[in-house]
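Note sheet for the following structure.
The values are calculated or read from the model by the stated rules, or taken from the named source; none is laboratory data. In this text the structure is predicted, and so the values were computed from the model without any measurement. Counting neighbours? That spans all protein chains shown, and the Cβs are built from the backbone with ideal geometry, glycine included. These area figures cover heavy atoms from the full protein model, side chains too; ligands, DNA and RNA do not enter into them. Shrake-Rupley method; radii C 1.70, N 1.55, O 1.52, S 1.80 Å.
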Amino acid sequence: MFKPDRLVLNCSAATRDDVIHALAAHAQTVGLVNDASAYIASVFHRESEFSTGVGYGIAIPHGKSEGVKEAFVIFAKVNNVEWNAFDGQPVDLVFQIGVPASDAGETHLRLLATLSRKLMNETFRESIRLATSTDTLMALFAENGLV
């Protein structure tokens, strides 16, 4: 699920929309997306239906689009971004998912379910928050079966 080039330790985007755009641009830079505009539109469509701010300072924005080459999750640490989360708290951890529209059903749900299960663990969430390097994050994700 995670690879070093899919981790953004210090995303400076200050709004939900800017975070989504920044992570989509990053996905395109690392070759996961061939049409960032189509992918971004799919993420915003999902956000318009229901906020992906799931609580505990976490957001899991996601989109299904033919602009996505392969399923991915990009992780970013952000600085307390308002996301209209269920618990009303700002977000500092973002896990942005992209899935090709042709592979959307099972892959999309599997990624969401796997992440959600792991992120229910408070110790795991706090370990992610305390990690200061890509190597530390990769070791933590590997230890939890997310690599």
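Inspect all residues belonging to segment 74-92 and state whether any of them is basic (Lys, Arg), in contact with a helix residue (DSSP H, G or I) (Cβ under 8 Å, 6 or more places away or on another chain) and more than 20 Å from Leu9 (Cα to Cα).
There is no residue in segment 74-92 that is basic (Lys, Arg), in contact with a helix residue (DSSP H, G or I) (Cβ under 8 Å, 6 or more places away or on another chain) and more than 20 Å from Leu9 (Cα to Cα).
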With the condition kept exactly as written, say whether any residue in segment 71-80 is more than 14 Å from the chain's Cα centre (by Cα) and small (Gly, Ala, Ser).
no
Which listed residue is assigned to a helix (DSSP H, G or I) and either open to solvent by less than 20 Å² (accessible area, probe 1.4 Å) or of a type in the set (A, V, I, L, M, F, W, C) (or both), from Phe86, Phe75, Phe124
Phe124
Would you check which residues across segment 89-101 are in contact with an Asp or Glu (Cβ under 7 Å, 6 or more places away or on another chain) and either under 15 Å from Arg46 (Cβ atoms) or not in a loop (DSSP other than H, G, I, E, B) (or both) and list them?
Pro100, Ala101
Name the pairs whose Cβ atoms lie under 8 Å apart, with the first residue in segment 126-147 and within 17 Å of Ile74 (Cβ to Cβ), the second among the hydroxyl-bearing types (Ser, Thr, Tyr), and 6 or more positions between them or separate chains?
Leu140/Ser127; Leu146/Thr114
Residues of segment 108-121 being surrounded by 16 or more Cβ atoms within 10 Å (Cβ to Cβ) and at pLDDT below 90, in sequence order, are His108, Leu111, Leu112
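Restricting to segment 3-42, give me the number of residues that are of a type in the set (Val, Ile, Thr) and assigned to a helix (DSSP H, G or I).
Selection size over segment 3-42: 4.
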How many residues does segment 43-72 contain that are open to solvent by 20 Å² or more (accessible area, probe 1.4 Å) and in a helix (DSSP H, G or I)?
5
Of (1) among the β-branched types (Val, Ile, Thr); (2) more than 22 Å from Ser133 (Cα to Cα); (3) modelled with pLDDT of 95 or more, Thr29 satisfies all except one. Which?
(2)
I'd like the full set of residues that are in a helix (DSSP H, G or I) and under 17 Å from the mean Cα position of the chain (by Cα), limited to segment 128-141.
Ile128, Arg129, Thr134, Leu137, Met138, Leu140, Phe141
